[in-house]
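Note sheet for the following structure.
Read-outs: derived from the displayed coordinates by stated rules, not from any lab. Treat the numbers as computed from the prediction; the structure is a model and nothing was measured. Using ideal geometry, Cβ is built from the backbone for each residue, glycine included, and neighbour counts are taken over all protein chains shown.
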């Protein structure tokens, strides 16, 4: 055993530090020291420490263990229990926490027992404090169940009988099988009403609960920032702030953007761009929840409705810089610039495709300051756009490629020898994490007459090649006619099938203006700042809990009249509440598409929580509660940190329990966005006037 002296934070007294011993409390010790003991973190066990500290500060439960009343009620033969092991381990831990001897204790024996009976808690990964709490309350209940032999009870439906009769029957049946200190302190009763939408059959049952899991009111809408890339190749992308349904589809995004931009929604394609490539191309029926706040969403206007027009195909286009790696024989082709989408006919010539691509890029292509001829051709290319040809992004097939360079005049290209068709025909590997494609293929240059050139000629700004699932696709080009033909497989738009435009470094440096890539216009919607509701009240959550809802398709109710499962309407009402009310705020949401945490501030009262307005039992007694503990969670999904605030029964002051550290806390600190599980004690039980099993 290792003993040292450690001062409790902000306290005037010192306590010996404890490491893993089972000494018992001296009840004559000053009460102000009792209970102010931390729990060391064994490795991501803050969730367990938080739950235990909250339970430790529930006076009737802690008194029950400190006075050894649990020993008379241990049920070691209960097949649903843990042979009394959980109750014993918890009792030992509580006695250490309230001994007044230690500034913190190491709860390893307790964690070992928990891990034995609940393997999900056996390791050292972060878990949920509420899940640990639920297991612990259930385990303590079964270990301390006063019922040694549980009778079989046939549950009955209300069948029109008065609520009072059915509720009393349900509670009597419950305690015939479940009677423990946990039931005495934590169990209440709620009424469940189900109505069949087909035959209108009404089913009423009364069921016990150990805690209330309350939903948080969720915003029905969210805002997304997107960039719209119009057909006009000279137009800058425009940034919009959209309001879309929180639970909606990509089609809802298109509809919202269409109302602001007047671009038809059916001619929009939504993409996620990351590191100069299409990370994802969305289908209109995909869920909006798949778009994260950090994603760069670009919406492209295309010339055709790709769902109806099968004569055209929409192609993703990436830009690559092609250069030889020193010391290697292969070519490296890192991506650059902004990828784009282009709609082209299913059958077209190489020249026509080149012209279409060139026109799409005219905003980024600049004229060389050294060549007047190129300057004129650049202006000519942009003039095509201004004259209206941008509406379909097509130049006439017979027109020359305006943006070409004279190979004789380009010093950097004088010694360049174009490879033969078979020389570099190997397939590419794949798009790697660094967005680099290797072994790139240089397409032989084609003159305006469709002939392959070898001598001095006008050199294109870029070559292109098709890539399908990371491999070069040579099947599209017919060698005899140099015609490109897209088959049925290319009608399905995919971020894994794309066209690569390869630029020589010298040409890219000379003609591609990367400074305009970041240029964009901002729509007036970007000025919109949605008002954030400062907080929600705890009573709002309770009202939502008792609101009628329709069961989901995955969770139907079996109607005894229809003899089949139906999506019934369900309503929960509170009938009776326990001496200690545990409220679990449902901050973590899980769905097929996403996991999320709601960080809304829930304003919960520290005292005088009046629950009588939510009770439908006309004979319910006083129902005002005071807060005695809070389990807090800081951070996001799958991690973060748990702490606890609790009111010490000795000095009636609040303390912050953060693993091994214990420090005074103010009432204002207790209500925060981190509040996760709340513990309320009914006012008529605070001074022992209420009923508990230990008072028998």
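Some notes on this structure:
- Hydrodynamic analysis of segment 35-152 uses the Kirkwood radius over alpha carbon pairs. Inserted into Stokes-Einstein at 37 °C and 0.692 mPa s, it gives a translational diffusion coefficient of 225 µm²/s.
- Spatial extent of segment 58-217: Rg and Dmax, with the Cα atoms as the point set, Å: 19.0, 66
- Spacing of the two label points (7 Å from each Cα toward its C-beta) at residue 539 and residue 526, in nm: 4.4
- Prolate/oblate/rounded call for segment 180-301, Cα gyration tensor, a/c under 1.5 rounded: prolate
- Linear extension gain, residue 77 paired with residue 235, 0.36 nm per residue minus alpha-carbon span: 49.0 nm
- Calculated log₁₀ intensity ratio I(q)/I(0) where the Debye formula runs over C-alpha points of segment 240-346, q = 0.14, 0.15 Å⁻¹: -0.64, -0.71
- Cα-based radius of gyration of segment 503-559 once divided by 2.2 N^0.38 Å, which approximates compact folds: 2.66
- Label reach from residue 219 (point 7 Å along Cα→C-beta): in segment 508-531, amide nitrogens under 20 Å belong to 523-531.
- Length released on extending from residue 468 to residue 310, taking residue separation times 0.36 nm less the Cα-Cα span: 54.9 nm
- Considering all different alpha carbon pairs of segment 516-667, the Kirkwood hydrodynamic radius works out to 20.2 Å.
- When Rg and Dmax are taken over the Cα atoms of segment 27-89, they come to 14.2, 41 Å.
- Cβ-derived FRET efficiency at R0 56 Å, residue 634 paired with residue 202, nearest 0.05: 0.80
- Separation of the residue 668 and residue 496 label points, Cα + 7 Å toward Cβ, nm: 5.7
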